[in-house]
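The values are calculated or read from the model by the stated rules, or taken from the named source; none is laboratory data. Since we're looking at a predicted model, the values are computed, not measured. Positions of Cβ are backbone-derived with ideal geometry, glycine not excepted, and every protein chain shown enters the neighbour counts.
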Amino acid sequence: IEKIDFDDFFRDALLDDPKLGPVAKNLTKMWYLGNWEQMPANWREQYVTSSLDATKVVSADAYREGLVWLALDAHPMGAKPMGYGTWGEKPGFWPETRDE
């Protein structure tokens, strides 16, 4: 049995697919950012035209819980409490810098 490189398979079979690729990319963006981007015009013309396919924030919860905040070690502005003065501190993942 041949071992399959998942990254290559994912990219070749899904992301590079003309029909499924744009959907997969939009879903990934939605998981991270909490908003849906309208599908590209050439994709809509070929596969689906719907008034529901519009760029929009999916929901307040989707924005607030987007994976981007975890990846950045940050909080969504105006949506989760950070505590007084935390805006003045570096995010936790930044390495310390020293003036030597």
Matching residues in the range 31-45 (more than 12 Å from VAL58 (Cα to Cα), part of a helix (DSSP H, G or I) and touching a residue at least 12 places away in the same chain (Cβ under 8 Å)) number 1
Considering each residue of the range 1-30, count those that are of a type in the set (A, V, I, L, M, F, W, C) and assigned to a loop (DSSP other than H, G, I, E, B), and give that number.
2
When only residues in the range 46-59 that are not polar (S, T, N, Q) and not in a loop (DSSP other than H, G, I, E, B) count, which is farthest from LEU70 (Cα to Cα)?
LYS56
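Condition (residue is of a type in the set (S, T, N, Q), in contact with a strand residue (DSSP E or B) (Cβ under 9 Å, 6 or more places away or on another chain) and modelled with pLDDT of 90 or more) applied to the range 42-54: is it met by at least one residue?
no
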